[in-house]
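Below is one structure, written out as structure tokens; comments come after it.
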């Protein structure tokens, strides 16, 4: 079995996984209306019953969580600055390179505030994490498209958790028609229109 067949199998499994996730959403009985998640009333009532009030929640928090809270929330400054810088980079450079822009909304999902079993502090915590993880995913896709444009070459050693484009890159040491292949990668980038397209 060659590498292309394995990659195709992985892509098929990703589609199957997405279908399984959608089926799970149906089991939990919610729907999405205008970016707002709406649960059936019986599920919402069950969520309300397990919700911890703010006072009780404070009594259950581990002391080390309180100690590190200023550090964690202080990271919003470099995260927001990085978000601003990476967004400015793609807005200014991607049109010059002919690369389709990455949509932030495809990566930053703010929906945990609709969960009735979370109190206000838990909702704020979840929204902060959703922003941080989503923003880093957004930045990763911008960086991946940049790498595809300038240097779509795999590394000699295996790297963990490579971005989705990496599996299509040229093998390390494969010099045959290198510059022609790089131009093909650039042409594929120019043809993309959505935030999560893969080559």
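Going by how many other Cβ atoms sit within 10 Å of their own, how do 145, 62, 103 line up, fewest first? List each step's numbers first, then the result.
Values: 145 23, 62 8, 103 13.
The fewest-first ordering by Cβ neighbours comes to 62, 103, 145.
For the range 55-124 and the range 125-164, compute the distance between their C-alpha centroids and round to whole Å. Centre-to-centre distance over Cα atoms comes out at 16 Å.
Report the full-extension gain for the segment residue 66 to residue 181: residue separation times 0.36 nm, less the Cα-Cα distance, to one decimal in nm.
On the way: separation 115, 0.36 × 115 = 41.40 nm, distance 5.26 nm.
Extra length from residue 66 to residue 181 when fully extended: 36.1 nm.
For residue 155 and residue 116, the difference between the fully extended length at 0.36 nm per residue and the C-alpha to C-alpha distance is 9.5 nm. The residue 81 and residue 15 beta-carbon pair, evaluated with R₀ = 45 Å, returns a calculated FRET efficiency of approximately 0.80.
Each reported figure results from applying straightforward, stated rules to the coordinates on display, with no laboratory input. Since the structure is predicted, the reported quantities are computational estimates derived from the model, not experimental observations. Reconstructed Cβ throughout: ideal geometry from the backbone, glycine too, with neighbour counts over all protein chains shown.
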